[in-house]
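A.B. asks: Take a look at the following structure, please.
The values are calculated or read from the model by the stated rules, or taken from the named source; none is laboratory data. None of these values were measured; they are calculated from a predicted model. Glycine also receives a Cβ, built like all others from the backbone with ideal geometry; neighbour counts cover every protein chain displayed. Accessible surface is based on the protein model in full, side chains and every heavy atom, while ligands, DNA and RNA are left aside. Shrake-Rupley method; radii C 1.70, N 1.55, O 1.52, S 1.80 Å.
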Amino acid sequence: MIHCLSDGDAAPVPALTGHNHRAAGEAAGSGYPHLVHGHRVVVLTGGSSGIGRAAALAFAGAGDRLVLAARGRERLEAVAARCRALGAQVRTVPTDLARPETLAAVERTAVEEFGRVDVWVDTAAVMAYGRFEDVPAEVFDRVVRTDLLGAAAVARTALRRFRAQGHGVLIFGGSLLGTVATPYTSAYITSKWGLRGLVRVLRQETRDAPRIHVCLVAPGAVDTPIYRSAANFAGRIGRPPPPVDPPAKVARAILRCAARPRGTVTVGAASRLIRLGFVATPRLYDALVGPLMRIAGLSRERVAPHDGNVFEPAAGTYARRT
């Protein structure tokens, strides 16, 4: 049921070729030559890990020019090196969405180095496990600040750039948890529900600009290590409940969305069924989701309360609360 973005490793995604290249060209059409694979300038916030990392490798494999932004410089440079090995031109900008002023350097780098921004993908997120009353207020607030208010700051920066140049595709990493609710993930769910509403409003407000697109790619559970790096006040380390998709699958959906923008793209075989249960049988859903979350969404591995990577990039160990 849970989609999260992480500090994990992901295999490179092959460049789209053949039919998909032709589809991209058709989507580009008259006035969109810069949106064909190999000609785009792509910014990725959250590009050092998980789905963001997989998307960076996918865009690099397609020949696009990249500006990668994330908190952890070491992981950011490691992903950049992988992208350059695939032949891509890459620039990196250490960025923290909890400090929205850092986004100015991302936009400036893209414009000064490559002349524009054709696609901006935001997959940056952090997470916290625990009952709402057990999660410290500062942890809850920081998750929302990063995942929702950080996304709003990205939108503000990207849309200003797109308005100035007359085109652009803005893609946010959403989640199945932006449409359903599960216990022990209140801050993340609050953020993803808010993000879904924000994206809908942005689409309404950019109807006057037909060459500007705002999209949401919303997977279900994805195999990334954010479950271990998340802040945890549940006593047991989180894990992705089945069925679980690889980050590369979500990255391919992002590439398709960049070439042929769609309002919302759902990834994951079980997502529609889970949403149907949430809407059509709410009492049954609420009765079952707690036990299922404790069985499938939390591992048996015990852990003391800690802040995870909510305030700082993951470094392998976390400050424990007493």
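A.B. asks: Pick from the range 161-172 the residues that are in contact (Cβ under 8 Å) with a residue 40 or more places away in the chain and either in contact with a Leu (Cβ under 6 Å, 6 or more places away or on another chain) or not in a strand (DSSP E or B) (or both): which of them is most open to solvent (accessible area, probe 1.4 Å)?
C.D. replies: Looking at the filtered set, the residue picked out is Arg163.
A.B. asks: Just to check your reading of the model, which residue among Leu177, Leu148 is touching a helix residue (DSSP H, G or I) at 6+ places or on another chain (Cβ under 6 Å), open to solvent by 30 Å² or more (accessible area, probe 1.4 Å) and either within 30 Å of Ile237 (Cα to Cα) or at pLDDT 95 or above (or both)?
C.D. replies: Matching residue, one of Leu177, Leu148: Leu148.
A.B. asks: Just for the range 260-280: of the residues that are assigned to a loop (DSSP other than H, G, I, E, B) and of a type outside the set (A, V, I, L, M, F, W, C), which one is farthest from Arg40 (Cα to Cα)?
C.D. replies: Gly268
A.B. asks: Take the residues of the range 106-140 that are β-branched (Val, Ile, Thr) and not in a helix (DSSP H, G or I): which is farthest from Gly166 (Cα to Cα)?
C.D. replies: Across the range 106-140, the extreme among qualifying residues is Val135.
A.B. asks: Please work out if Ala248 is open to solvent by less than 10 Å² (accessible area, probe 1.4 Å), among the hydrophobic types (A, V, I, L, M, F, W, C) and more than 22 Å from Arg131 (Cβ to Cβ).
C.D. replies: no
A.B. asks: Then there's this: Can you tell me how many residues within the range 299-315 are out of contact with any Ser or Thr (no Cβ under 8 Å at 6 or more places or on another chain), under 25 Å from Ser48 (Cα atoms) and surrounded by 15 or more Cβ atoms within 10 Å (Cβ to Cβ)?
C.D. replies: 4
A.B. asks: May I ask you to list the residues in the range 187-220 that are of a type in the set (Gly, Ala, Ser) and assigned to a helix (DSSP H, G or I)?
C.D. replies: Matches in the range 187-220: Ala187, Ser191, Gly194, Gly197.
A.B. asks: So which residues in the range 183-223 are touching a Leu at 6+ places or on another chain (Cβ under 9 Å), open to solvent by 10 Å² or more (accessible area, probe 1.4 Å) and more than 26 Å from Arg260 (Cα to Cα)?
C.D. replies: Tyr184, Ile189, Thr190
A.B. asks: Something else about it: When the range 277-314 is examined, which residues are found to be of a type in the set (S, T, N, Q) and under 30 Å from Arg75 (Cβ atoms)?
C.D. replies: Selection gives Ser299, Asn309.
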